[in-house]
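A short reminder: the numbers here are calculations on the coordinates, not readings from a lab. Just so it is clear, the model here is predicted, and its values are computed rather than measured. With ideal geometry, Cβ positions are generated from the backbone for all residues, glycine too; neighbour counts draw on all protein chains shown.
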Amino acid sequence: MKWLILLLGIVANASASVLVKLAMMPPRKFPSLDKPLAALQNWPFWLGLGLYGAAFLLYAAALVRLPLNVAHPILTAGAVATVALFSLLIFRETFHWTTGAGIVLVIAGVALITARMA
C-alpha cells in the first residue's frame with residue numbers, strides 16, 4: 001500500500017506539471033491584466049493546482065509509512081522521469097540521449113540511496 005501511495009503521488013505531481021504547462025500555452029492566457037476573469041476559465045491550471053494539492057497529500061501519507069530519506073528521493077526522481085517522458089509524448093519536446101542517460105543515472109542513484117532503508 002505504501003508503494004501505491006507513493007506511485008500515485010508521482011503520477012499526480014507529474015500530471016499537475018503537464019496541466020500547468022498546458023494552461024500556459026495558447027490560446028489560454030494566464031494571468032492577464034486586461035482580462036482577469038479569463039483565468040477562471042483556464043481549467044488546466046485549476047486542475048493542475050488541485051493535483052499538486054493531491055500530490056502533497058499523497059506524499060504526506062507516504063511519509064507516515066516510509067522514512068523521509070526513502071520517500072522523498074523516490075517521489076522526486078519518479079516525478080522527474082515521468083515529466084520527461086510526458087513532455088516527449090504530449091508536447092513533442094526534445095528528448096536527447098543525455099536526458100535518457102540522466103534519468104537512468106538519477107534512478108540508479110536513488111536506488112543506491114534507498115536500497116538499505118526500504
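Quick test of your reading of the structure: Thr114 fulfils all but one of (1) surrounded by fewer than 16 Cβ atoms within 10 Å (Cβ to Cβ); (2) of a type in the set (Val, Ile, Thr); (3) over 16 Å from Ala14 (Cα atoms); (4) in contact (Cβ under 8 Å) with a residue 40 or more places away in the chain. Name the failing condition by number.
Thr114 satisfies all of (1) surrounded by fewer than 16 Cβ atoms within 10 Å (Cβ to Cβ); (2) of a type in the set (Val, Ile, Thr); (3) over 16 Å from Ala14 (Cα atoms); (4) in contact (Cβ under 8 Å) with a residue 40 or more places away in the chain except (1).
Out of region 61-106, which residues are buried (at least 17 other Cβ atoms within 10 Å of the Cβ), of a type in the set (Val, Ile, Thr) and farther than 18 Å from Ala12 by Cα?
Val70, Ile103, Val106
Regarding Trp43, is this residue closer than 28 Å to Leu66 by Cα and free of Cβ contacts under 8 Å to residues at least 24 places away in the same chain?
The answer is no for Trp43.
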